[in-house]
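What follows draws every value from the coordinates through simple rules; no lab data is involved. What you are looking at is a predicted structure, and each value in this text was computed from that prediction instead of being measured. We place every Cβ from the backbone using ideal geometry, glycine too, and count neighbours over all the protein chains shown.
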Amino acid sequence: MTLQNRLADIVGAGNVLAAEGDTKPYFTDWRKLYTAAADCVVRPASTDEVSRVVALCLRENVAIVPQGGNTGLVGGSVPTGAGREIVLSLSRMNRIRELDALNDTITVEAGCVLAAVQRAADEAGRLFPLSLAAEGSCQIGGNLSTNAGGVNVLRYGMAREQVLGLEVVLPDAQVWDGLRALRKDNTGYDLKQLFVGAEGTLGVITAAVLRLHPRPSASATAWVAVDSPRHAVELLSLLRERLGDRLSAFELVSRDCLEAVLSHAKDLQGPLAAVHPWYVLAELADSGEAAALRERVEGALADCAERGTLRDAVLAQSGAQARALWRIRETVPEAQFTNVKHDVSVAVSKIPELVERAGSALRAAFPGVRPFIFGHVGDGNLHYNVGPESLLAQREAVNRIVYDTVDALGGSISAEHGLGQLKREEIRRHKSPLEMDLMRTLKRALDPKGLMNPGKVL
């Protein structure tokens, strides 16, 4: 009996995909940088089926590529083609197992689409704060496996901070039931954190207990013009002094990014009459009345204007206007799709220096270079993308300048997208030999045969 037939015995024949037309979307990453064939795509419907699939692959020495919504940007969720592999799609495991409003937790399976989790929380009068551009198609298992970030990290933290418990199928097919809805559990190693951000290289996340938060009753969205990234960082500090944790998102957008968006999406308009070099999109949320929050925000912005921190600002007057402002930010990635992309982070205070130093070095090496800079300046994470398209042929040289600048400032070459295939070799230049050895030790201990998502991270 063939491997595909035995897999079909576990998940059903209709859930083992082998025809080219069926498998193509699973074998190519979202940016179309990586594509490779695997034996087949397997779509289990339960944790038990995942365990049985893993056990079979272990016996047959077949590698497993866990896959969620396949919206990642570093090639971590697709085959490498280096050996015999299957893609394990968790999309059918999409049940919400429990929502405990009094405990502010929701227990979901790995294949739940992020937007569905947000919606379930909202219907219960709660907030699940993880929010990113792909939320309509990305899945919780992938979000946790990559430790996704998004726009609300400033107030709520990364995906890692949203997790209380996990259920994981280990490389030896055992199921670790760590679905504990506890905020305090001081009984040894925090095992769940091994699997968050591991990109499926240590096991397959099948379910999670996630934190929920009170749903804010008021929100305010502001589009602010500033002279420079330094002024943006100063504005962040002043707003946090005046408004505290009400500030949930603080996004930097360069003029080049805005112009790319307006050229790409003809139905969008620039929020301000005049053109400015840099912009900030700030989101604030609170309990109480919307009018009270707006008054506080208006007062804070006026104070910042008097201090010369901002040039101009507009506060959304309706939900529709707020959504239009966010559409500008969310359209930035697709508006400048073909350039050399970087997902980096430094200390918030060093963002201006990163922009200045990397820009100066790039201009010296590549006359006519055009950086497209945007991202979550509130937590130090910038998407430092470099055009024009012709520089794709010199990607490695561009990467070296940006990454070395980030490294010199004590930063990270992957803030929220992970390593995948894209940065697997590059990370060796930026982590110490001891760090790399510790990571390899964990990998060998949990996955001695190296069958869990090989060719990624390490």
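Here are the numbers:
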read-out	value
Distance histogram for the stretch 96-214 (every C-alpha pair counted, 5 angstrom bins, percent rounded to whole numbers)	2, 12, 24, 26, 21, 10, 4, 1
Computed Rg/Rh of the stretch 3-89, alpha carbon atoms with Kirkwood Rh	0.94
His342, His383, His213 arranged by Cβ crowding within 10 Å, fewest neighbours leading	His213, His383, His342
For the stretch 272-315 versus the stretch 403-458, the gap between their alpha-carbon centres in whole angstrom	40 Å
Projected-area mean, the chain, by convex hull of Cα positions, square nanometres	22.4 nm²
Counted charge near Leu7, where neighbours are those whose Cβ lies closer than 15 Å (Asp, Glu -1; Lys, Arg +1)	-1
Along each principal axis, Cα extent of the stretch 218-335, largest first, Å	37, 29, 22
Difference of contour (0.36 nm per residue) and Cα-Cα distance, Glu161 to Ser228	21.0 nm
Of Lys266/Lys456; Lys184/Lys423; Lys32/Lys266, pairs whose Cα-Cα distance is over 28 Å	Lys266/Lys456; Lys184/Lys423
Cα-based Rg and Dmax for the stretch 181-255, where Dmax is the largest Cα-Cα distance (Å)	19.0, 50
Ranked list, fewest to most other Cβ atoms within 10 Å of each Cβ, for Met439, Met158, Met1, Met452	Met1, Met439, Met158, Met452
Estimated FRET transfer efficiency (Glu289, Glu334; beta-carbon r; R0 25 Å; 0.05)	0.10
Summed side-chain charge close to Leu179 - residues other than Leu179 whose Cβ falls under 9 Å, Lys, Arg +1, Asp, Glu -1	0
Pairwise centroid distance, computed over Cα atoms, of the stretch 363-387 with the stretch 93-113, Å	37 Å
Charge context of Leu310, other residues only, Cβ under 11 angstrom, K/R +1, D/E -1	-3
Spread of Cα-to-Cα distances over 5 Å intervals beginning at zero, given as percent, for the stretch 343-417	3, 17, 32, 26, 15, 6, 1
Contour minus Cα-Cα distance for Glu426 and Met439 (0.36 nm per residue)	3.2 nm
Order of Glu20, Glu353 - criterion: other Cβ atoms within 10 Å of each residue's Cβ, fewest first	Glu20, Glu353
Within straight-line cross-link reach of Lys192, aspartates and glutamates at Cα separation under 18 Å, skipping those fewer than 8 residues along the same chain	Glu109, Glu161, Glu167, Asp172, Asp177, Asp447
